[in-house]
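*Asks:* Handing you this structure, nothing more for now.
The values are calculated or read from the model by the stated rules, or taken from the named source; none is laboratory data. Everything numeric here is computed off the predicted structure, so don't read it as measured data. Cβ sites come from the backbone with ideal geometry, for glycine too, and all protein chains shown count toward neighbours.
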Amino acid sequence: MKKIFLFAAALISFAAVAQPQGPMPKPEDKGEGFQFTVVKENPITSVKNQASSGTCWCFSALSFIESEVIRTNKLKEADYPDLSEMFVVSNAYADKAKKYIRVDGHLNYEQGSSFGDVIYVLRDHGIVPDEVMPGLNYGTDRHQHGELIAGLKGYMQGILKNPNRKLSTAWFPGLQGILAAYLGPIPETFTYKGKTYTPKSYFESLNIDLSNYMDFTSWTHLSYYEKHPVEVADNWRWEQAWNIPLDDMMAIIDNAIENGYTVAWASDVSEQGFTRNGIGLVPDMDAIKKQAEEAGSDQAHWLGITAPGARPNFDKPVPELTITPELRQQGYEEKNTTDDHGMHLFGIAKDQNGKKYYMIKNSWGDNSKYKGVWYVSEAYVRYKTMDFMVHKDAIPKDIKKKLGIK
């Protein structure tokens, strides 16, 4: 996922812990602004803050796994896990470096990655609690990875030049040294709540079967009900996803939420309708203009635009575009839909007009209107989903049959 969220993090100084907001307004309230009523929400851990780091892929996928641990083990809130994002990031950066050298630098060595990267690290390296490896070894109390990634890229460029005409045995331990200096050393063993673990044995204690998780996307240029590589630069592990029709994509997401599962969700968040205060919409600007004219007000006032080039507020429900597979594909082909950000979809709500929204846990901290939760319309999810990961048992039976899985 690309790093547009770094811009958002720079705009907003966020704290690190919170649960979703309290009691929702009654649905019959027709006042100004959004009035949401929760239809179904599934358990999530506290909202985190990736701050100035391009690691949304890890925060979102680990949040998803934490919810899976809660669901699988029927945990009470006092026992919710808090897994170390930076353990995953450190191992992923090290694995990426090896592939970067193997393919002679023809790989995107940046901060972004994929949900599959997190699954791979959990399977091959294990995991530790966040308190064991918080990843803040560089003099700040918030994640700030600009210097780290610049140093790693410079180091890798030097190794790639291969000045000795043969790579030494020192280059990889050297890279691990940089990672340990910034993120902390990878522990071989650790003690947590009175028990001694290795990263792998701690992962085993979480009671999660990684073979159960599947990734999906929906594009018209790929054959349906087959697996294809996710075609984004940050997919450096070359992970594959099942390509399915748009309606099937939405059916899986809805079925998951309704049956107690959550969804790791990758999306474009660069649209003007994805506000920095907790809302995601696909505004139909022609319909909005017509509605404003009929109301006897000028468009600028209705949208909250007070200066040329200002971003619309979208601080209340607006008409939205109808999203078809063709419109979705057009956005992808024209590069208006890009791989921006990973988040955690955990619930469904309705606004005061009965329109469906998905409840999204973000990783930009909790200092926002809905305390780190975004309400994203059904149209937005149809339009801007890049790919998503879910437990296979959350898939409706008829779609499983089409995929040939049990």
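*Asks:* Checking V390 against (1) in contact with an Asp or Glu (Cβ under 8 Å, 6 or more places away or on another chain); (2) over 17 Å from I279 (Cβ atoms); (3) in a strand (DSSP E or B), which single condition isn't satisfied?
*Replies:* (1)
*Asks:* With the requirement that a residue be crowded, with 22+ Cβ neighbours inside 10 Å and not in a helix (DSSP H, G or I), what does the range 64-117 give you?
*Replies:* Hits for the range 64-117 are L83, S84, Q111, G112, S113, S114.
*Asks:* Please pick out the residue among G139, G135 that is under 15 Å from V89 (Cβ atoms) and outside any helix (DSSP H, G or I).
*Replies:* On inspection, the qualifying residue turns out to be G135.
*Asks:* So L175 clears everything in (1) closer than 26 Å to G342 by Cα; (2) touching a helix residue (DSSP H, G or I) at 6+ places or on another chain (Cβ under 6 Å) except one condition, right? Which one?
*Replies:* (1)
*Asks:* Right, here's the next one. Yes or no: Y155 surrounded by 12 or more Cβ atoms within 10 Å (Cβ to Cβ) and either free of Cβ contacts under 8 Å to residues at least 60 places away in the same chain or in contact with a His (Cβ under 8 Å, 6 or more places away or on another chain) (or both)?
*Replies:* yes
*Asks:* Would you check if G112 is among the small types (G, A, S), over 19 Å from W238 (Cα atoms) and touching a residue at least 12 places away in the same chain (Cβ under 8 Å)?
*Replies:* Judged against the criteria, G112 is not a match.
*Asks:* Can you tell me which of (1) modelled with pLDDT of 95 or more; (2) touching a Gly at 6+ places or on another chain (Cβ under 9 Å); (3) surrounded by fewer than 16 Cβ atoms within 10 Å (Cβ to Cβ) is the one T337 doesn't meet?
*Replies:* (3)
*Asks:* Do we have any residue at all in the range 233-245 that's surrounded by fewer than 21 Cβ atoms within 10 Å (Cβ to Cβ), of a type in the set (A, V, I, L, M, F, W, C), within 19 Å of G404 (Cα to Cα) and in contact (Cβ under 8 Å) with a residue 60 or more places away in the chain?
*Replies:* Scanning the range 233-245, I find no residue that is surrounded by fewer than 21 Cβ atoms within 10 Å (Cβ to Cβ), of a type in the set (A, V, I, L, M, F, W, C), within 19 Å of G404 (Cα to Cα) and in contact (Cβ under 8 Å) with a residue 60 or more places away in the chain, so the answer is no.
*Asks:* Hey, can you tell me all the residues within the range 348-387 that are among the hydroxyl-bearing types (S, T, Y) and either surrounded by fewer than 22 Cβ atoms within 10 Å (Cβ to Cβ) or outside any helix (DSSP H, G or I) (or both)?
*Replies:* Passing the criteria: Y357, Y358, S363, S368, Y370, Y375, S377, T385.
*Asks:* A further question on this structure: When you go through N277, N207 one by one, which is the residue that is out of contact with any Pro (no Cβ under 9 Å at 6 or more places or on another chain), over 16 Å from E68 (Cα atoms) and surrounded by fewer than 22 Cβ atoms within 10 Å (Cβ to Cβ)?
*Replies:* N277
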